[in-house]
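Shown next, in structure tokens, is the structure this report addresses.
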Amino acid sequence: MITGAAHPPRRLRAAFLPLLLALSLAGCAGRPEGVMIPTASAAAPGKEVDIFVATTRQPSREPGILFSGERGRDLEATAITVSIPPDANREIGEVQWPKRLPPDPAKEFATVRVEPVSTETGANRWLSQHLPPTKRVLVFVHGFNNRYEEAVYRFAQIVHDSKADAAPVLFTWPSRASIFGYNYDKESANYSRDALERVLDQIADDPQVADVVVLAHSMGSWLTVEALRQMAIREGRVEPKISNIILASPDLDVDVFAQQFRTIGRDGPHFTLFVSRDDRALQLSRRISGSVDRLGQIDPTMEPYRSELENAGITVIDLTALESGDPLNHGKFAESPQVVQLIGTRLLAGQEIATANVALGERLGAIALGTAQTVGGVASATVSAPIAVFDPQTRRTYGEQINRVGRSIENTVISTVAH
């Protein structure tokens, strides 16, 4: 545990070193700067994704950067269009960064249009043009160690791969995109609370909007829940249109979240958590935050979390057993094809992901909550759960669903023998 010393003890520095190395390798080394310069040739073979971007970052003097990691005085807005390569040339869950400029839109992400939005009327007009029939808006809040362009391209990938039936709005806050800038980023998140609350208020106040879902990653979860807490204090409640909050790998002290949740109130939005006990970035965060559990790293089957989550009506999706190409296991929610599709097909619509609705022997989209497999014509009783879902309804019916899987296996065996 870190004390007030100017330098951490040698053994602690040695323990941090592998994580710091992984963080640096997961960064943006080798990527060209200036990817936000619009490329005319990007009107090409792939799919275009339109995003409305609101930011508290300071504008950059370099046109290809747009916004730096420093704190701006005003909330700025920009409409950006990103071209994504054809599905045949990419893997779901990946951002294909340009190797050089201009990018090759057949194989790499490319910026097509960048248009400043200077008025609330302009923002409302953008929403009018991009709202789907559901009248739903998806707001994404990124995490620690993110450049402006990284947040834009990552969200474009999430929107495209999830097939999100929602108007995409990105809220990006000042991050210096440095593994040593954790404290600066945390204070920048605090700095941006009022602005995020303002953005959420303006979206929810728009009469053409019916539903708002917020997806927040890592440190962005702290910012999101703080903004909702402020809204609940200021207005007596969270705006009812803000229906679902999805926190992916939330870098949030569990004790602090409990206090925030109480202030927001049980009548507030429904919360879904993506957690993973092998999240190495949260391991580091836990060490530098007084060894208090981070919300994104809890075991939802263990007390006191199991009972507290059930009583609060919070859904937890445990990704610990899910393999990831991310060396930190911190971005599974966006990089796993199964998970990103789950977000688009079920979570945005507020559908429950419970074994009361989906039997363990079925597949939810591409996600196997549990599988009774037939191998070589003979039924196998193996039940696998690379993605485990825990919510109050699941816990109440879990035994019944296990029995259902057992009956399914028995019927398969009888059918196999009969033939």
Next item on the list: Scan the stretch 66-114 for residues that are under 19 Å from SER192 (Cβ atoms) and either of a type in the set (S, T, N, Q) or part of a loop (DSSP other than H, G, I, E, B) (or both) and report the count.
Entry: 3
Next item on the list: Would you be able to say whether some residue in the stretch 327-345 is within 26 Å of GLU94 (Cα to Cα), more than 17 Å from the chain's Cα centre (by Cα), modelled with pLDDT of 85 or more and buried (at least 18 other Cβ atoms within 10 Å of the Cβ)?
Entry: no
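Considering only residues of the stretch 314-326 that are touching a Phe, Trp or Tyr at 6+ places or on another chain (Cβ under 8 Å) and over 21 Å from GLY265 (Cα atoms), which is surrounded by the fewest Cβ atoms within 10 Å (Cβ to Cβ)?
If we filter the stretch 314-326 for residues that are touching a Phe, Trp or Tyr at 6+ places or on another chain (Cβ under 8 Å), which is where we start, we get 314-319.
Filter once more, keeping what is over 21 Å from GLY265 (Cα atoms): 317-319.
Details: ILE317: 26, ASP318: 21, LEU319: 25.
The selected residue is ASP318.
So is HIS217 under 25 Å from VAL82 (Cα atoms), at pLDDT 95 or above, in contact with a Pro (Cβ under 9 Å, 6 or more places away or on another chain) and open to solvent by 10 Å² or more (accessible area, probe 1.4 Å) or not?
Details: under 25 Å from VAL82 (Cα atoms): yes; at pLDDT 95 or above: yes; in contact with a Pro (Cβ under 9 Å, 6 or more places away or on another chain): yes; open to solvent by 10 Å² or more (accessible area, probe 1.4 Å): yes.
In short, yes.
The values are calculated or read from the model by the stated rules, or taken from the named source; none is laboratory data. Just so we're clear, the structure is a prediction, and the values are computed from it rather than from any experiment. Glycine also receives a Cβ, built like all others from the backbone with ideal geometry; neighbour counts cover every protein chain displayed. Just the protein is used for accessible areas: all its heavy atoms, side chains included, with ligands, DNA and RNA removed. Shrake-Rupley method; radii C 1.70, N 1.55, O 1.52, S 1.80 Å.
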